[in-house]
Amino acid sequence: MIEALLAAPARLGGVRLLAVDGPSGAGKSTLASEVVAGLRARGCRTELVSTDAFATWDDPVGWWPRLVEGVLKPLAAGVEGGYRRTDWSSGVPQPGELVRVTAADVLVLEGVSSGRASVRPLLSHLCWISGGTEAERLARSVARDGEASRAELGRWQRFERGWFAVDGTPDAAGTRLSSGLDHSRSVFEALRIDQG
């Protein structure tokens, strides 16, 4: 996947934009972190932004203009961007700390809806990871976020099922991982096995 990304032209100004998309609990954050580490090991100035920093239970995808204005447009112009990470510490989502995103060679955008149709013309590569069955993904998400979040996570899963069907994200991906991640092996090993 890194080779495909680096072989593709930069379409966000001089920045190559990689989207790592898929349903909740699929392993997007793990994959994105390993990709970022791999890119940095090659000397690529790489930034990572997660859609989790924007989304809330009641606004799963409508926050996108904040990402465009705060991050994508500045990086396309070759300057630093930034955004306010959603703060959940009070139990109610509210604007939190300012996160700066420096001008980079590669921006990895990770999370649900990161590969949406409106951004695809700017992408150098789109990776889709399905992460196993819905029940397996829900179990991983509850283990990560706590039992109190089960009902909201179930509602989120129903939303994203419809979102992905309408947006066509899986079919647009250049790299597709269909099985859940085995955390005993690296994501890159999984990519080699799953892509053949």
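The values are calculated or read from the model by the stated rules, or taken from the named source; none is laboratory data. Just so it is clear, the model here is predicted, and its values are computed rather than measured. All Cβ positions, glycine included, derive from the backbone under ideal geometry; neighbour counts span all protein chains shown. What goes into the accessible areas is simple: the full protein's heavy atoms, side chains included, and nothing from ligands, DNA or RNA. Shrake-Rupley method; radii C 1.70, N 1.55, O 1.52, S 1.80 Å.
Here are the numbers for the structure shown:
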{"quantity": "Set ARG116, ARG137: member being in contact with a helix residue (DSSP H, G or I) (Cβ under 8 Å, 6 or more places away or on another chain) and within 24 Å of ARG66 (Cβ to Cβ)", "calculated": "ARG116"}
{"quantity": "Some residue of the range 14-28 being more than 15 Å from VAL101 (Cβ to Cβ), among the basic types (Lys, Arg) and buried (at least 19 other Cβ atoms within 10 Å of the Cβ)", "calculated": "yes"}
{"quantity": "Candidates LEU109, LEU98 - the one that is open to solvent by 70 Å² or more (accessible area, probe 1.4 Å) and at pLDDT 95 or above", "calculated": "LEU98"}
{"quantity": "The range 137-158 residues that are open to solvent by 30 Å² or more (accessible area, probe 1.4 Å), paired with ones that are assigned to a helix (DSSP H, G or I) and among the aliphatic types (A, V, I, L, M) (beta carbon under 8 Å, 6 or more apart)", "calculated": "LEU138/LEU153; ASP145/LEU153; ARG150/LEU138; ARG150/VAL142"}
{"quantity": "Qualifying residues in the range 44-74 (those that are under 13 Å from the mean Cα position of the chain (by Cα) and assigned to a strand (DSSP E or B)) - the one farthest from GLY22 (Cα to Cα)", "calculated": "GLU47"}
{"quantity": "Residues of the range 75-104 satisfying the condition of being touching an Asp or Glu at 6+ places or on another chain (Cβ under 9 Å) and part of a loop (DSSP other than H, G, I, E, B)", "calculated": "PRO93, THR102, ALA103, ALA104"}
{"quantity": "Residues within the range 137-160 that are under 19 Å from the mean Cα position of the chain (by Cα) and among the acidic types (Asp, Glu), tallied", "calculated": "2"}
{"quantity": "Residue match in the range 30-39 (condition: assigned to a loop (DSSP other than H, G, I, E, B) and more than 11 Å from VAL106 (Cα to Cα))", "calculated": "no"}
{"quantity": "Of the criteria (1) touching a residue at least 40 places away in the same chain (Cβ under 8 Å); (2) open to solvent by 40 Å² or more (accessible area, probe 1.4 Å); (3) among the hydroxyl-bearing types (Ser, Thr, Tyr), which one SER33 fails", "calculated": "(1)"}
